[in-house]
Structure formats: C-alpha cells, structure tokens
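Shown next, in structure tokens, is the structure this report addresses.
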Amino acid sequence: MIRQMLSDDLEQCEAIVRETMGDELADAFARNVGGEEFDGKPYRIVVCDKYNQSLVLGLGGVVPDEMSLETCWVAWFAVSVSAQGSGIGDMLMRRLLERARCQGYKRIYVETYDRPEFRRARVFYDKRGFKPMGWLEGHHPSGKGSTFYMGMEL
Ligand SMILES: CC(C)(COP(=O)(O)OP(=O)(O)OC[C@H]1O[C@@H](n2cnc3c(N)ncnc32)[C@H](O)[C@@H]1OP(=O)(O)O)[C@@H](O)C(=O)NCCC(=O)NCCS
C-alpha cells in the first residue's frame with residue numbers, strides 16, 4: 001500500500017536510505033527531510049506492508065527543482081534490501097511519474113551515483129525512460145564520488 005510519508009516514518013526511512021545508499025547519504029536525508037513539516041509538500045510517499053501500515057518498505061518523492069517551474073526531481077527513492085525485486089520500486093516510480101504529470105511538470109530527473117551500489121538503480125531508471133544527462137564530479141557527500149544525472153520529458 002502507498003501512503004503519504006509521515007514524520008513517524010522518518011526513522012525507518014533513514015534506516016532504508018542507510019542500508020541502501022550508505023551513511024553519508026543517510027545523514028543528508030536526516031538533515032534535509034528531517035526538518036520538514038510533513039504536510040504533503042513536497043510530495044513524499046512510502047510503500048508499507050499490507051498487513052502492517054507502520055512498517056515502511058520503500059520511499060520516494062517528487063520535489064520541485066529550485067530553478068525551473070516546469071522541472072522536478074525524484075527524491076530519496078529506495079526500497080529496503082529485503083523487499084527489493086518484488087515490484088515495489090516499479091509501483092513507487094509509476095506513482096511518482098503520475099503525480100509529476102498531474103502537477104503539470106514537463107520534465108523530471110534523478111540523481112544517482114557512480115558507485116557499484118547504484119548500478120541497479122541506473123539500470124532501473126534506464127528501463128523506465130530516463131536518459132543520461134551528465135556527471136557532477138565530487139558531488140557525493142563523501143567528496144569521493146560523482147553524481148550521475150538521468151532525466152526525461154514527461
Ligand atoms: C532501484 C530500486 C529502488 C528498485 O526497487 P525494487 O523494488 O527492487 O524494484 P522492482 O522490484 O520494482 O523492479 C526491479 C526489477 O525486478 C523485477 N521484478 C518485479 N517484480 C518481481 C518479482 N516479484 N520478483 C522478482 N523480480 C521482480 C522488475 O521487473 C524489475 O525488473 P526490470 O527493471 O527489468 O523491469 C532498489 O533496487 C533500491 O532501493 N536500490 C538501492 C537504492 C538506490 O539506488 N536508490 C536510487 C538512488 S538514486
């Protein structure tokens with residue numbers, strides 16, 4: 001089941017980001033999302049267990065780009081390791097793209113990284129129509145990795 005992310009989900013979401021993306025990004029998640037109001041803006045959702053709605057299995061969001069009103073990005077998109085490969089990421093991404101289109105955005109992008117743990121995500125995005133847009137060297141919060149941008153028209 002998909003529902004809006006709540007402040008009570010924060011700890012579980014941070015743990016999923018930590019196990020899938022590492023400590024530096026989990027700390028960035030806590031800094032950025034931890035300070036939000038959780039009032040539905042920006043749009044952040046979770047997939048939870050169908051028998052236990054407080055158990056979070058995955059998360060994602062559609063966040064406005066700071067420069068272009070017609071552009072948004074897919075923020076903090078991850079599925080817990082034990083729940084991967086069962087279609088949750090696909091379900092989340094469909095909902096995020098639908099939401100981005102409904103909000104009138106014309107293009108969307110994702111930020112991923114050149115590290116091995118993000119290979120699956122790069123393939124996942126490629127299969128869903130995101131095209132490579134370029135690298136930002138040294139942009140990983142550790143200072144040691146590059147951000148790889150992928151985007152598409154909606
Ligand atoms: C990328 C990520 C979000 C994908 O989530 P996921 O839930 O594993 O994705 P899905 O299960 O929906 O889809 C993955 C593949 O499994 C397949 N799949 C779907 N249902 C399945 C099932 N029941 N059993 C096995 N495979 C299945 C899908 O068809 C898909 O294959 P495809 O890409 O060839 O279409 C997840 O791997 C992840 O969290 N990675 C680490 C964090 C990360 O890198 N996030 C992105 C940061 S930029």
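Read-outs: derived from the displayed coordinates by stated rules, not from any lab. This one's a predicted model, so the numbers in the text were calculated from it and none came from an experiment. For neighbour counting, all protein chains shown are included, and Cβ atoms are generated from backbone atoms with ideal geometry for every residue, glycine included.
One table, with the values for the structure above:
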{"read-out": "Nearest-0.05 FRET efficiency for residue 84 and residue 11, computed from C-beta distance (R0 25 Å)", "value": "0.80"}
{"read-out": "Centroid-to-centroid separation of region 45-102 and region 20-38 [C-alpha atoms, Å]", "value": "15 Å"}
{"read-out": "Kirkwood hydrodynamic radius over Cα pairs of region 43-127, then Stokes diffusion coefficient at 10 °C and 1.306 mPa s, in µm²/s", "value": "116 µm²/s"}
{"read-out": "Neighbour-limited loop hits for GluC sites (Glu not before Pro), region 1-76 (at most 14 other Cβ within 10 Å; DSSP other than H, G, I, E, B)", "value": "36, 37, 66, 70"}
{"read-out": "Which of 59, 92 has the fewest Cβ neighbours within 10 Å, and the rest in rising order", "value": "92, 59"}
{"read-out": "Loop-located trypsin sites (Lys or Arg not before Pro) in region 40-149, at most 15 other Cβ atoms within 10 Å (DSSP)", "value": "50, 106, 128, 144"}
{"read-out": "Lysines with Cα under 30 Å of residue 131, excluding same-chain neighbours fewer than 8 positions away", "value": "41, 106, 144"}
{"read-out": "The chain - Rg and Dmax from Cα coordinates, angstrom", "value": "14.6, 43"}
{"read-out": "FRET efficiency estimate (nearest 0.05) - Cβ-Cβ, residue 70 to residue 136, R0 30 angstrom", "value": "0.90"}
{"read-out": "Using a Förster distance of 22 Å, the FRET efficiency for residue 127-residue 19 (Cβ separation, nearest 0.05)", "value": "0.45"}
{"read-out": "Computed [θ] at 222 nm, deg cm²/dmol, the chain (DSSP H ≥ 4; -39,500 (n - 2.57); rounded to nearest 500)", "value": "-9500 deg cm²/dmol"}
{"read-out": "Per-selection Rg to Rh, region 92-154 - Cα, Kirkwood hydrodynamic radius", "value": "1.02"}
